[in-house]
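See below for the structure under consideration.
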Amino acid sequence: MKVPFFVHSLGKEELDSVAEVLSGPILTTGVQVARFEHSFATLLGCRHAIAVTSCTGALHMSLLALGIGPGDEVITTPMTFIATATAILETGARPVFVDVEPETGNLNASLIEKAITQRTRAILPVHLYGHMCDMYAIKEIADRHGLYLIEDAAHCLEGERDGVRPGQLSSAACFSFYATKSLTSGEGGAIVTNDDSLADKLRLLRLHGMTKSLAERHQEGYTHWDMTMLGWKYNMDNIQAALLLPQLKRIEDNWRKRESLAYYYQERLSGIKGLAWPICLPNVRHARHIFSIWTDSQLRDSVVSDLQNSGIGVVVNYRAIHLLSYFRQTFGFQNDDFPAAEQIGHTTLSLPCYPGMPEEHVNFVTERLRHFLLEEKHI
C-alpha cells in the first residue's frame, strides 16, 4: 500500500475558475485577487487582506511595513520552518530565539520578557501545527514594552484560542497557501490586518511601491503612476486567486475531516509505549494542519526510514533551526541553547493527514508504527 503524505482536493471547480481568468485579459493581480481578499478578510474577521506570493513574503513585508530593519531584534521561536527567521534576516534585523512550551511546541510566553532588549522591536509567534499560541499573554507583553506583534499563522487558518482568531490581536497575521496547506494555490500567501494605514502600505510594498497596478491602469485608462517607496515583487496573480476562491466554501468541511483523522490517529496510537504527541489545550480550536508525533530521539530517523520504505509519506516538522549550519556559523548557537525546542526537533515526525485520506491508510500507518516499535523490539 502507498500512503502519500498529502493529496490536494482541487478539481473541476478550480479548473472552471482558472478558465474564467484565462478567458479575460488580466492574468496578474486583478478582479479575482480582489474577490479573494474580500472573502479571506471576512473569513478571519479582519478589515483587510493583502494577497501575496508566499507566507515568507508576507512576513518580510509585514516587518518592513512596520519599519523593522538593520540593528533591530525580533523575538521568535526556533521550532518553526526556516522562513520565519529568514524573513527577519532579510530586513536586516536579527532573530532572537526564545524556547518553546514542551507540551505544544509553541513560543513560551513566560520566557519572552527575559529576551527583550533596547533593540527589540517586535514579537513574532508561530502557531505550530495549527495550535494557537497564548495570544492574550503575548499581546500583554508586547503592549507593555511597546512592541509590534506579527503572527506566523501559516499552519493556523482554521485555528482559534480563547475566542480569538489569527490577526485579531496583532498588527498583522501571515498565512501560507503552499502546496500542502488546507487552502492551496501551489504557492501563495496573505496578510490580514485591522490597521488601515498598514494595509495601504502593504499594498504598495507588494508591487514595487507603485501607486497603480496593471489592472487599475487597464480599467481606468492610462494615467501616470508614481513610485512612493521602495517595494518588492510580492503580488498574487489572478490565476492563484482563481484556484483559491472555490476552496473557501470547503474550509470548514475539510477541517472537520482532518480533526476526525487526528482523533482516529490518537485512538489507534494510544497505548504504544514510546509514542506521544503535542497536546491540545482547553479553549483551543486546533487547525490540524499537521499531525505530528514524538518518539525516542535515538529511534526517530529509523522510524522515518521504516515508514518511507513501507510506502508511507512522512516528513520532519521541524528540526530546531538554531542548530542548522547557517545559524550555528552566523550566530554561534550551540546544543542545549533551547532544550525544549531541541527535544522536539530530535523526536518529531509528521504523519499523513489530509481531508481525503481513508481510514484504512491510517490503519496501515499505525500498524506499521506498532510493528516497528513493538514487534521488532525497538521499545
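The values are calculated or read from the model by the stated rules, or taken from the named source; none is laboratory data. The shown structure was predicted, so the numbers you read here are calculated from the model rather than taken from an experiment. Note: ideal-geometry Cβ built from the backbone for every residue, glycine included; neighbour counts use all protein chains shown.
Quick one: how many residues across the stretch 16-62 are within 29 Å of Pro125 (Cα to Cα) and not β-branched (Val, Ile, Thr)?
Result for the stretch 16-62: 24.
Conditions (1) under 22 Å from the mean Cα position of the chain (by Cα); (2) part of a loop (DSSP other than H, G, I, E, B); (3) among the aromatic types (Phe, Trp, Tyr); (4) more than 27 Å from Cys280 (Cβ to Cβ), marked per residue:
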{"residue": "Ser110", "(1), (2), (3), (4)": "no, no, no, no"}
{"residue": "Glu113", "(1), (2), (3), (4)": "no, no, no, no"}
{"residue": "Cys133", "(1), (2), (3), (4)": "yes, yes, no, no"}
{"residue": "Ile138", "(1), (2), (3), (4)": "yes, no, no, no"}
{"residue": "Glu151", "(1), (2), (3), (4)": "yes, no, no, no"}
{"residue": "His155", "(1), (2), (3), (4)": "yes, yes, no, no"}
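For the stretch 139-167, how many residues meet the condition of being touching a strand residue (DSSP E or B) at 6+ places or on another chain (Cβ under 9 Å) and over 24 Å from Asp72 (Cβ atoms)?
Total meeting the criteria: 9.
Which residue, of Asn317, Asn309, Asn238, is modelled with pLDDT of 95 or more and assigned by TED's automatic domain parsing to the domain that holds Val100?
Residue meeting the stated conditions: Asn238.
Suppose the filter is outside any helix (DSSP H, G or I) and of a type in the set (A, V, I, L, M); does Met61 pass it? Outline the logic, then answer.
Working: outside any helix (DSSP H, G or I): no; of a type in the set (A, V, I, L, M): yes.
Answer is no for this residue.
Please go through the stretch 139-180 and give me each residue that is crowded, with 21+ Cβ neighbours inside 10 Å and charged (D, E, K, R), ordered by number.
Glu151, Asp152, Glu158, Arg161, Arg165 - these are the residues of the stretch 139-180 that are crowded, with 21+ Cβ neighbours inside 10 Å and charged (D, E, K, R).
Going by what's in this entry, would Ile50 be described as in a loop (DSSP other than H, G, I, E, B) and within 21 Å of His208 (Cβ to Cβ)?
no
Among the residues of the stretch 344-355, are any over 24 Å from Phe5 (Cα atoms) and of a type outside the set (Val, Ile, Thr)?
Within the stretch 344-355, not a single residue is over 24 Å from Phe5 (Cα atoms) and of a type outside the set (Val, Ile, Thr).
Report, by residue number, each residue of the stretch 1-42 that is farther than 26 Å from Gly313 by Cβ, touching a strand residue (DSSP E or B) at 6+ places or on another chain (Cβ under 8 Å) and part of a loop (DSSP other than H, G, I, E, B).
Once the filter is applied, which keeps residues that are farther than 26 Å from Gly313 by Cβ, touching a strand residue (DSSP E or B) at 6+ places or on another chain (Cβ under 8 Å) and part of a loop (DSSP other than H, G, I, E, B), the stretch 1-42 yields Thr28, Thr29.
Can you tell me which residue within the stretch 1-47, out of those that are of a type in the set (A, V, I, L, M) and under 30 Å from Pro358 (Cα atoms), is surrounded by the fewest Cβ atoms within 10 Å (Cβ to Cβ)?
Restricting to residues being of a type in the set (A, V, I, L, M) and under 30 Å from Pro358 (Cα atoms), the top hit is Met1.
Does Tyr136 count as of a type in the set (Ser, Thr, Tyr), surrounded by 15 or more Cβ atoms within 10 Å (Cβ to Cβ), in contact with a strand residue (DSSP E or B) (Cβ under 8 Å, 6 or more places away or on another chain) and not assigned by TED's automatic domain parsing to the domain that holds Arg258?
Numbers: of a type in the set (Ser, Thr, Tyr): yes; surrounded by 15 or more Cβ atoms within 10 Å (Cβ to Cβ): no; in contact with a strand residue (DSSP E or B) (Cβ under 8 Å, 6 or more places away or on another chain): yes; not assigned by TED's automatic domain parsing to the domain that holds Arg258: yes.
In short, no.
Checking the condition aromatic (Phe, Trp, Tyr), in contact (Cβ under 8 Å) with a residue 60 or more places away in the chain and within 30 Å of Gly11 (Cβ to Cβ), which residue from Tyr318, Tyr265 passes?
Values: Tyr318 fails: within 30 Å of Gly11 (Cβ to Cβ).
Selected residue: Tyr265, the only one of Tyr318, Tyr265 that is aromatic (Phe, Trp, Tyr), in contact (Cβ under 8 Å) with a residue 60 or more places away in the chain and within 30 Å of Gly11 (Cβ to Cβ).
Looking at Asp143, is it among the acidic types (Asp, Glu), touching a residue at least 40 places away in the same chain (Cβ under 8 Å) and not assigned by TED's automatic domain parsing to the domain that holds Cys353?
Values: among the acidic types (Asp, Glu): yes; touching a residue at least 40 places away in the same chain (Cβ under 8 Å): no; not assigned by TED's automatic domain parsing to the domain that holds Cys353: yes.
Taking the combined requirement at face value, the residue does not satisfy it.
Could you pull out the residue among Val74, Val100 that is farther than 19 Å from Leu147 by Cα, in contact (Cβ under 8 Å) with a residue 40 or more places away in the chain and not hydroxyl-bearing (Ser, Thr, Tyr)?
Val100
If a residue must be within 18 Å of the chain's Cα centre (by Cα) and surrounded by fewer than 16 Cβ atoms within 10 Å (Cβ to Cβ), how many such residues does the stretch 87-108 contain?
0
Every residue, every condition in (1) surrounded by fewer than 21 Cβ atoms within 10 Å (Cβ to Cβ); (2) among the charged types (D, E, K, R), yes or no:
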site: Ala190; (1), (2): no, no
site: Arg206; (1), (2): no, yes
site: Lys212; (1), (2): yes, yes
site: Asp226; (1), (2): yes, yes
